[in-house]
Structures are given as structure tokens and as C-alpha cells.
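Reading through the C-alpha cells given below for one structure.
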Amino acid sequence: MRQQRRTKKIQKRTLKAEGRSRKKVNREIVLVTYVFVGLFLIMIGYLGYFTYKESDTYRNNPYNSKRQQLFSDRYIRGSIVSSDGKTLAETKVDEDGKETRSYPYGSVFAHVVGYSTKGNTGIESIASSYLLNTHINPALQILYELKEQKTMGDTVKTTLNVKLQKAAYEALGDKKGAVVVLNPKTGAILAMVSKPDYNPNEINEIWDELVSEENKNSNLVNRATQGLYPPGSTFKILTLLEYIQENPGNYEDFSFDCDSVYEVGDYSIKCSKLVSHGEEDLITAFAKSCNGAFASIGQTLNFSSMYKLCEKFGFNEKLPTDLLSNASSFVLKDSISVWDVLQTSIGQGKTTITPLHNAMIAAAVANNGVMMKPYVLDTVESESGTVIKSFSPENYRTVMSKDEAAILQKYMRAVVTDGTGSKAEGDGYQVAGKTGSAEFATGKETHAWFVGYADVEDPEIVVSVLVEEGGSGGSAAAPIARAVFDAYYGEE
Amino acid sequence: MTNLVIELSKYLMLLIMVLYTGLNFYVLRKQDVRWQNRVCRKQVFLVFLLQFLGYLIIYLKTMEIRMLIFYGIQVLFFLIYFILFKTIYPQSSRVLLSNMVLLFSIGLMMLTRLDVDKAEKQFIIGMIAAAVTLVIPVIIKHMKALSKWAWLYAAVGIALLLLVWAVGDTNGGAQLRISIGGFALQPSEFVKLTFVFFTASMFQKGQSFGRIVVTTGIAAAHVLILVASTDLGSGLVYFLSFLFMLFVATRQPLYFFGGLGAGCGAAALAYKLFSHVRVRVAMWQNPFSDYEGKGYQMAQSLFAISSGSWFGLGFYQGVPTTIPLKENDFIFSAICEELGVIFAICLVLIYLGFILQMFWVSTWMDELFYKIVGFGLAVMVGVQVFLHIGGVTKMIPSTGITLPLISYGGSSVVSTMLIIGVIQGLHLMKQREVEEIEYAAAAQDEEDPEEDFEGRR
């Protein structure tokens, strides 16, 4: 008995000793366990963060089209509204559950709002995933799902302004062309018109006609973002800037004697309507848009530096917008012919630009050298009006110094006060801008351009107008810009 | 009506998963084995319920009798397996058992939805592996010589890995498998076990500096062969597991951090040397920089997870088939898309509970060999889960690795089931010891009840 008891005591002691050494190693195991608990909790945190914060971005990615299609079976496409809350597009559901997309303003917003039945274009495309998503109360959503009822998608509020859009639309009239209106400080697109247009309410009925080969009007193309035109004299803004940058101290000493034709060897550059501008300084040459003077300036310029300037302004790259757009092009390299130099300096030759891009350049001048990213989506709101997402203005690039912008502002003001752009201004505001009459084919009228902003003291609105075969910029495009300015500054 | 069932099932499945996860942690509250077993019975019930709903939806969506038959066989198999395992090993860990069956059945459900042929293949291999797990615990418990074969483990492991490196099939840029008579084996999955057993047997004999150097050298050889075969994911799993095992065996944080530092250096070197490493990092930073090419699968994975959002699009309601490698390296994204992120978070928690259980078992072990075996295997599974989930969610660069028990891949399923078998063996060893001590303690208490006994649990 006693013996037994002793063995047990020994057993007990060994067990205790073992327990101690086991515990020592276990401390390390417990430590590693904590590490894994930590790692897994981080993983869960990340999953939650991703779903809460980042998933919308991925879900709305245009490449995610297969799943977005899935959503249209579950949600009723949301509405698109203007900045002042007017409906630009909405889906109506009839008693049988049939859905029709309706555009109350018809063809006025055709290109910028787009359509959603023959593929998606315009805002219908870039906002598609917001429109086909819902942020209503989850309990309500479950209820809808159980009742096999579609849920109303979110509403997208745009930066578009109905009054300005209508003014631009009416002013352009039956002519082909485009008008873009921006807020230079934010890059918000206030209006965007392209003609010829189409009625998006009838898109299914008129589709075959629109895409048939006989139709040469390209109604479906948004000329504002996709149309590539020679910039004509509006390009002199950049030629001028390059000249100022290369001659910072003495650019004002420039003078030129214009006798309507500027001859270099076998080449000759004519001024518009063969007007002789006579003896002129730089600001007058710019205001009167003297081709001879700018061709002669071009001959003094360093074109590789000019090329860099143009690339900085956004040529040869996709514009920073989700809207379907074409890249403006500036192709000159080091070894270029005299003729190319003369042509390019006055915005002819191989250079092409979209109306939106031209608006951005004028906006950069108005905004003291800072180019903003153009944007058209303002906020996404749930059916009950809660803001789910809001888009804020973003700087794109600083394309010139504040001082340089100030010089260009002064010169562009002179275009309106003493030059070709006088028809752009109405009562109650002051405009600065630049006209252009771009030749594109011999024997045809020139494309008419106007880019400019108001008010000179505190620029709030930039307008870019292009009228295909409209004639001179001063008489065909500037009045359209004025109509928009009038609408903006007018009482009504 | 069908829609109603599918929609209701979506939330029911989520609820089941949340309940199961809750039970998984609730069970840790009390040490009473009987009480624990009762909780686990509830878990088993939930597993069958989840499986029922899943296959109900699959059937409603496909209207194929084949699905019903497949479901029936699965139910039968799981029932038999549960009963057999419990009868043979009344003292086995029920939580491990139900977790294994849950994960395996979720995997089968998901695979049936993605590609039913693969699901059937997976099931057959899983059945065989499960049958093998019935004998593993006995082997672990009784073969005391297991800790004496360090060199055998090393030789087998390195030989198998070298074989893949030499004659392996190139699959998606990585040499992972060898084909034998139409079967593709992925030896790196099995070598995991020999690797852990090797390390454990080495340290069992002592932790002298020389021994550490030799062990580290052989471990490094494993990792280097894997890296040479461009199986980066497995290389990382082996590497990290070894570091942790080294740390526990030597109790020297210095070794761990030194190894970690060396690993970072090696990773930087690999980044400089290998273009496929750079591609992985670049696609992690921005999958859209090469959307049509290298970034496609990452982008699709993120589309799937983000489209699923918290509640998921519903089982069989999404389009997870757009994700390349959805059945294996990216199955977690497919789960997020259809079953939702909340479901996925539950899954992460279940895996966490799963490895915690394994760590816990290893802390019970007296012999260092068993301790390190249990611990090392737990770390293997933990690191693998972390790399898979972190990789497909863009938290870390994707390493291309399977999700244990859920991803398609016979080798992966078999090796994970073997791992669980080993852990069950350890569990069993301890349970018996505990009983013996309790018995002794009970005897002791009778004699002098005032003495308190430490070894009692």
C-alpha cells in the first residue's frame, strides 16, 4: 500500500514536470496562434472594406458587362436627371410589366444622354451600372425579390443644364456641328450638342435608316467628342503661347506688315477674305487672326518644343473622359517642311481636334492654366433621394503658368473687343475667345469655330462651337456662343 | 414558384452558414466532451440542410435527374462516413469531423454548379481519401517509429518534387503535375506531409545548431525546387511553415525573423530575376493595365466578388463561369459572387476555427515530434487559406493556390484529408492519455481527496 502510494507520488511529479516543459513550447504555439487569428481578422476586415468601399468601382467597370446584363433582369433602369432635377431619361413600366425608356427632351440631349436599347451610348453607357444598381433599404429589397418584383434602380444626376442645352441646340439650328459648354473651374459639362441628331425615343424604329449606307449624315456620331476637325485659327492660341514661352522678354516687340498674302519661296499663306491687316503688333495680329503674321511666327519656333506643348495640352492621347471620344492629333516631328510649318502654325495641315478638347483648352486659359477633367456625372442617388456617390472635380494638368494664362486672357479678350470675335458678346457680360475658319477641302466653305469664355473678370462658362461648312468663325460660330452666354447671363 | 424557392434559399443558406459558424465557436465554451458532441450534432444537421438547399436549387435550375442521383449518393456517403468514423473512433474530434464534411460538401456543391463532371470526379477521389482517413488515426497512434524516419521523408519529398520539376506538365505557366495513366498528380500537395514529418523528426532528436543548419538546408532544397518549377504558391507555403516550425522547436524568435528577412531578400531577388513574378505583382497593383491578357483573371475575380456584394447574387444566379480557373485557384471568388461576402466571411471564420482546433490539439502533445507535426500541418493549412483568399481578393499578389477541401483538385483534397486524419490521430492519442490520467486521478482522489491534481482537465 505504502509502496503503491510512493509510485503514484513519483508519477504525479513526472506529470507535473512534463506539464511544465510542455507549457514552455506551448507558449510559442499560442503566439503563432495569435498571429494567425490576427491575419484572418485582417483578411475579414479587408473583405468587408472591399465590399463596402471598393466593390462599386469594380462592379461598374464597363468590362463587367456580363454581370451588368444580369442586373437589368433584376432592376428597373434608373432615371437620368439634369443638374436642376429635370428628367432627361426614365423607364416607364406599363401594366404588363413592359419597360420603355423615355427621353422627355427628345433629340435635344440625344448624343450626350445616349440610348440604352441598341447597346449603350453617352451617359446611358457610362452610368449604366449605377442605373442598374439599387441602394434602397435591404429589407424592402428582399420583399421585392420575394414578390418577384423588380427593384427601382438608382438615379444619376448629371451636370447638364437644360436651359443652356436648349439654347445651344436652338442656336445651332439645322446646321451640322457641335457645341460644348463647360464650367472652367470644375470641368463640369453643362451642355453638349451634336447635329445632325436623332430622336432617342424612336431609336428602335429609325435604327435601320440611321445605320444604312445611304445615310451620309452620321447622326449617331457625337461630333462634340468624336468629331475631328482642323482647329483653324483657334490653334493660334497654342502658337501664341509657344512664341511667348520662347520669347518671354520681347514677344511684345513683334511686328508684321500684312499685305493679305505672305509668301515664302513658292508657298503663299493668304489671310481670310484676302484682307490686308497692314502694320500690326502681336496682339492685333492675334485679334484680327492674321495668317501671315502667325505663319511667320511659326517659322521662328522650335517645333520639337511645340510638339511637347501640344502633348501637354492633351493632343495625341485619349481625353480624360469616360464618354466615347477620339484623340486629337498633332503629328509634326523634327524634320518638317516649310509648308508644314506655315500650315501648322495657323491650325491647318494635319492637326485635328475635337470640339470638347478645344473647349478644354479655352477652359484652361480661363482657369489660370489649370486644365480640369471634364465630367458629366454629378451624383448617384437612391430612389429615396439619399446621395450614394458624388463625383468631384479633378485637376487634369497644369498646362501653363498663371502669368502665361493671364497674357492669353488679355489677348483673347482683344479678339472680342477689337477683332474677329465681336459677335460673341451680348449685354451684361464680357467675353474672351478665339475664332477659327478652318479649311478642310478646296471649293467648300470653311468649318466655323469659336472657343471662348465669360465673364472675363470671373470666368464661369466656356463655350466651344463648331459649325461644319459654316463659313467664317466670327459670323457663323460666335453668334451661337453668344446665344449660350445670353442664356446663362440672361434673366430667364 | 421556382423563383420564390431560389430567393428564399439564398437567405436561408446564409442563415445556416451564420448559425454553423456561431456553433463552431460556441463549442469552445465548455470542455465537456458530451456537451460538445451535442453541439456538433447540430452542426451536422446544418451541413445536410445546406447541401439539401444547394442541390434543390441546382435541380430546379437544370431539371436533370443526374443531379438528384448525385445528391442522393453524397447524402448516403456522408451519413455512412459520419457513422463509421464515430463508431471506430468514439473519441475523435467531432468539430474537426463536421468542419471537414462541411467544407468538402460546399466545394462539391459549388463544383456541381460550375462543372458537374469535375464535381463527380472530385467526389470519387474524396470518397477514397475519406476511406483512407479511417485508418490514418490508428497508424499515427500506434506506429511509434514514425518519428525515426527523417531521412526517408526527406528523400521521398525531394525525389517527388524533382520528378515534377524534370517531367512535370506545364499548366498555365507552372509545372505542377505529373500524369500517370490519365491521372494528374500534384506531388507538392503530398510532399507537404512528408515535409512536416521530416522537420518534426529532425527536431525531435534535438535542436543543436548543426542539426538546425542541416534541417534548414534540406527544407530550403524543397522550397528551391518548387520555385524552380514556378510553383510559387506552394514554395511560399513550405517556406513559411518551416519558419514557424523552426520557431516553435527552437523557441528562438531570432531564427524566425532572420528567416523572414532572408525570405524577403529572396522575394526581392525573385522579383528581379523572374518575369512571371513581376507580372503577378503588376497585375496585383493594376489588373486593368493588361485586361485582355495577364490581368484578365484578376479582373474577373474582382468583378465576381464586387457583383456578389454582401448577400451574393444567389446560388446558380451569377456568372462565375467567366473567371478563369474558377474551379480551383479562384473558387473563393465564385463563392463570393453567388453566395455573398457574408457567407465568405463565415467561411474564413470556419477555416480559422479549423486551424485553431489543430493548434489546440498540438498544444496537448507531450512529445515534440507530435507537437510539431500537428502544429506544422495547421500552419500549412492556415497559410494556404490566407494565400488563396488574399490572392483572389487583391489583398496580396495572387500566388495561384487551391482553397483546402473546396477547390477542385484530387491531390489537394486527398492531402488535406490526410492532414485531418493525422490530427484526428493526435487527438485520439491525447484523449486516451487524458482518460488514463483522469482514471489515476480518480483513484488518487479516493485516497487523499485534499490533494489537487494538476494534470486533470
Total formal charge among the other residues, if their Cβ is under 9 angstrom from that of A:Ala327, Lys/Arg +1 and Asp/Glu -1 | 0
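For an R0 of 45 angstrom, estimate the FRET efficiency from the Cβ-Cβ distance between B:Tyr291 and B:Arg34 and round to the nearest 0.05.
Once rounded, the FRET efficiency stands at 0.20.
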So what's the angle, to the nearest 10 degrees on a 0 to 90 scale, between helix A:303-312 and the longest Cα principal axis of chain A?
-> 50 degrees
For n ≥ 4 DSSP H runs only, could you compute -39500 (n - 2.57) per run for chain A, divide by its residues and tell me the 222 nm figure to the nearest 500?
-> -12000 deg cm²/dmol
Non-local residues with an amide H under 5 Å from the amide H of A:Met371, with H modelled 1.01 Å from N and Pro and chain starts lacking one, are A:Tyr396, A:Arg397, A:Thr398, A:Val399
If one compares the long axis through the Cα atoms of helix A:291-300 with the longest principal axis of the Cα atoms of chain A, the angle in degrees, nearest 10, works out at 60 degrees
What is the distance, in nm, between label points placed 7 Å from the Cα along the Cα-to-Cβ direction at B:Leu8 and at A:Asp427?
-> 7.2 nm
Chain A: relative contact order in percent, alpha carbon pairs under 8 Å with at least 6 residues between = 15 percent
Given charges at beta-carbon only (K, R positive; D, E negative), |dipole| of the range A:310-392 in Debye = 220 debye
Take A:Lys53, project a point 7 Å from its Cα along the Cβ direction, then tell me which residues of the range B:388-403 have their backbone nitrogen under 14 Å from it.
-> B:395
Can you pull the semi-axes for the protein assembly as shown, root of five times each eigenvalue of the Cα gyration tensor, sorted largest first, whole Å?
-> 73, 32, 23
Treat each spin label as a single point 7 Å out from the Cα along the C-beta direction, and report the A:Ala139 to A:Ser475 distance in nm.
-> 7.0 nm
Using the Cα gyration tensor of chain B, with a ≥ b ≥ c the square roots of its eigenvalues, what is the shape: rounded (a/c below 1.5), prolate (a/b larger than b/c) or oblate (neither)?
-> oblate
Note the full-extension length gain between B:Ala228 and B:Phe52 as 0.36 nm times their separation in residues minus their Cα-Cα distance, in nm to one decimal.
-> 58.9 nm
Estimated [θ] at 222 nm from DSSP helical runs (n ≥ 4, -39500 (n - 2.57)) normalised by residues in chain B, nearest 500 = -25500 deg cm²/dmol
May I ask you to derive the FRET efficiency for B:Trp284 and B:Lys205 from their Cβ-Cβ distance with R0 = 56 Å, giving the value to the nearest 0.05?
-> 0.85
Tally Lys and Arg at +1 and Asp and Glu at -1 over the other residues with C-beta under 15 Å from the C-beta of B:Arg278: what net charge comes out?
-> +2
Could you calculate the contour length gain from A:Asp84 to A:Asp458, that is, 0.36 nm times the residue separation minus the distance between their Cα atoms, to one decimal place in nm?
-> 132.4 nm
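Suppose every K and R has +1 on its Cβ and every D and E has -1 on its Cβ; what is the size of the dipole of the protein assembly as shown about the Cα centre, in Debye to the nearest 20?
The calculation lands at about 6380 debye.
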With 5 Å bins from 0: P(r) over the range A:51-134, alpha-carbon pairs, percent | 3, 14, 24, 26, 17, 12, 4, 1
Quantify how strongly other chains surround peptide B:356-366 by giving the mean number of their Cβ atoms within 10 Å of each of its Cβ atoms.
-> 4
Projected-area average for the range A:167-315 over all orientations - Cα convex hull basis, square nanometres = 13.3 nm²
C-alpha center-to-center spacing [the range A:21-99, the range A:177-216] in angstrom | 34 Å
On a C-alpha basis, how far is the centre of the range A:434-492 from the centre of the range A:262-324 in Å? Whole number, if you could?
-> 18 Å
Percent relative contact order for the range A:294-393, counting Cα pairs under 8 Å at least six residues apart, stands at 23 percent
Rough spin-label spacing in nm, given labels placed 7 Å along Cα→Cβ, for B:Ile73 and B:Phe257 | 5.5 nm
Suppose R0 equals 51 Å; then what is the FRET efficiency for B:Lys148 and B:Lys121 from their Cβ-Cβ distance, rounded to the nearest 0.05?
-> 0.85
With +1 on each Lys and Arg Cβ and -1 on each Asp and Glu Cβ, how big is the dipole of the range A:210-282 about its Cα centre, in debye rounded to the nearest 20?
-> 640 debye
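What does the structure give for A:31-39 when I average, per residue, the other chain Cβ atoms found within 10 Å of the residue Cβ?
6
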Take chain A, drop everything but the C-alpha atoms, weight them equally and run the Debye formula without solvent; then report log10 I(q)/I(0) at 0.08, 0.09, 0.11 Å⁻¹ to two decimals.
-> -0.57, -0.68, -0.92
Mean separation of Cα contacts under 8 Å (6+ apart) over length of chain B, as relative contact order % = 20 percent
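Since every read-out is calculated from the coordinates, none of them should be taken as a lab result. Keep in mind that what you see is a predicted model, and the values were worked out from it rather than measured. We place every Cβ from the backbone using ideal geometry, glycine too, and count neighbours over all the protein chains shown.
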